[in-house]
1. Of the residues Ala421, Ala402, which is crowded, with 24+ Cβ neighbours inside 10 Å, in the same structural domain as Asn288 (by TED's automatic domain parsing) and part of a helix (DSSP H, G or I)?
2. Do the conditions hold for Thr23, that is, is it touching a helix residue (DSSP H, G or I) at 6+ places or on another chain (Cβ under 9 Å), in the same structural domain as Met192 (by TED's automatic domain parsing) and buried (at least 17 other Cβ atoms within 10 Å of the Cβ)?
3. Restricting attention to helices (runs of 4 or more DSSP H) lying wholly within region 136-201, give those where 3 or more residues are at pLDDT 75 or above and surrounded by 17 or more Cβ atoms within 10 Å (Cβ to Cβ).
4. Can you name the residue in region 44-94 that is of a type in the set (Phe, Trp, Tyr) and touching a residue at least 40 places away in the same chain (Cβ under 8 Å) and, of all such residues, is surrounded by the fewest Cβ atoms within 10 Å (Cβ to Cβ)?
5. Assigned by TED's automatic domain parsing to the domain that holds Thr385, in contact with a helix residue (DSSP H, G or I) (Cβ under 8 Å, 6 or more places away or on another chain), modelled with pLDDT of 85 or more and surrounded by fewer than 19 Cβ atoms within 10 Å (Cβ to Cβ): is that true of Ser106 in this structure?
6. Suppose we filter Gly356, Gly351, Gly411, Gly343 for residues that are touching a residue at least 24 places away in the same chain (Cβ under 8 Å), surrounded by 22 or more Cβ atoms within 10 Å (Cβ to Cβ) and out of contact with any Pro (no Cβ under 9 Å at 6 or more places or on another chain); which single one remains?
7. Going by the structure shown, is Phe249 in a loop (DSSP other than H, G, I, E, B) and either buried (at least 18 other Cβ atoms within 10 Å of the Cβ) or touching a residue at least 12 places away in the same chain (Cβ under 8 Å) (or both)?
8. Among the residues in region 82-98, are any under 21 Å from the mean Cα position of the chain (by Cα), modelled with pLDDT under 80, assigned to a helix (DSSP H, G or I) and at negative phi?
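The values are calculated or read from the model by the stated rules, or taken from the named source; none is laboratory data. Quick caveat, the model's predicted, so the values are computed rather than measured. So basically every Cβ, Gly included, is an ideal-geometry build from the backbone, and we count neighbours across all protein chains shown.
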Amino acid sequence: MSVTPSVVAPPQTTLAQALLVGTLTMSTMLYAMTVTIANVALPKMQGEFGATQDQIAWVVTFNIVATAVMTPLTGWLIARLGQRKVMMYSVAGFAISTMLCGMASSLTEIVIYRVFQGLCGAPMVPTSQSIVLQAFTKDKQASVMSIFGMGVVMGPIIAPTLGGYLSEEYGWRWVFFMIVPCAVVAFVGILMIVRDLATPGRIRLDWTGFISLSVAVAATQLMLDRGEREDWFESIEIMLEFGLAALAFYIFIVHSLTSNKPFLNFKLFRDRNYAFGMLFILIFGMLNFTPMVLFPPMLQHLRGFPDTDIGWLLATRGVGTLIAFTAMVWLSKYDPRLWMTIGFLVQGIAGLYIAGFNINLTAFDVAWTSMLQGFGVGMTWVPTTQIAFATLDPRDAGEGSAVFHLIRNFGSSLFISISIAVVIRTSNINYSDMTTHASPFNENFQYPSSAGAWNLDSLQGVAAFAGEIGRQSSMIGYLNAFWLFGVVSLAVIPFLWMVRWDGNR
């Protein structure tokens, strides 16, 4: 979809520049807050709605997939409405849907409201990024994006800590209610500060491309979310969803390659750096939110951590990201491939270290590994943006940014679903394996040193022992998911050095 977006009037003074960046940072921060803050409340929502682990994950994955589906429409919306109106409508719709999330009375309702939240919030990030890139010259863009990202990362620091406290003291609904005032502040700031220079016009939307891509992404996500529950391809439902996704992807690709004005212009991928940037942002998205989905249920169900403590532990990840973003204000002047290598490397190390945890993990274990993950996120975000847009034609910046965030969001929802499936499947496998040894006829139980406190001669003893087996097998499932996280982080590193970078950009 080739469009020429409206241009925002560049700020003329330092104060105006600061206000513009601050307002856009606040708007973008809202999206990050909803993801991290919802994760803190997942265990309590699971209990209230009587949902299983894979079902409660829909609160996160359906929000992300809705964002992914809506993100490519950003360029068309900007061309039709202008950047200012897109931001205003997005923030307003986001605030309303967030309020409805807090008022939901069932799992179905909150998933629907989270979908609307994702649809409304989707244009906020690429539009804000596009405005910032347009408002500053090339020599200032890296530093401004570092400051922009540094402000955004405050969301993952503030949201879990405050959200954990509110969830523990007042209930999970308040983790959504607390975001509404921030949305009101952002709306007022956009209303007062952002101004369009160009007049929006009528741009044709490629509905065939948009609908086929939306169906493909939604069907793929639904298949991944329900696959483990329905026993994958043993289920007719999963086979239908797979077939629908494959057909929709086929239609989308063929139509995009043969249409004069496709929904997404594949010619963007002729730019070598942009093509590699899409690979890197896919991996970045896969790694970004997954730990924040896995940690809360693991810590609460297996270790009994309260929501407040979980919130603080998730916030350490934001602290690590903040440190990295602060450093990137100065380090962004140098070869971005080096910082991306360090970023993915430390995330891989953290993931593999977590994969070596046992059931007696401590708060300190979680805190420092989470901080290391966050540091890796901060080290990879700015360089990935630099590489992706370094050689791209400025006229394609709006559409390029939309694709950039589409792939990032799709990677997030994809890997969360895969990780949850790994947790459930490997937990069940290990539970079945361990229960074969849980028998009064097992010779090890004849010795007190081996049997410990377990007494298999009573129903209470058998039930308690079965509960412990379930706890240990679930822990193994989580560790396997983090092992996959670590392997994916390290696997992308060789590709980083295939990017061309001469330092004069």
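1. Criteria check complete, one pass: Ala402.
2. Taking the combined requirement at face value, the residue satisfies it.
3. 154-170, 174-177, 179-193
4. Out of the qualifying residues, it is Phe49.
5. The answer is yes for Ser106.
6. From the options Gly356, Gly351, Gly411, Gly343, the qualifying one is Gly411.
7. No: the conditions fail for Phe249.
8. Scanning region 82-98, I find no residue that is under 21 Å from the mean Cα position of the chain (by Cα), modelled with pLDDT under 80, assigned to a helix (DSSP H, G or I) and at negative phi, so the answer is no.
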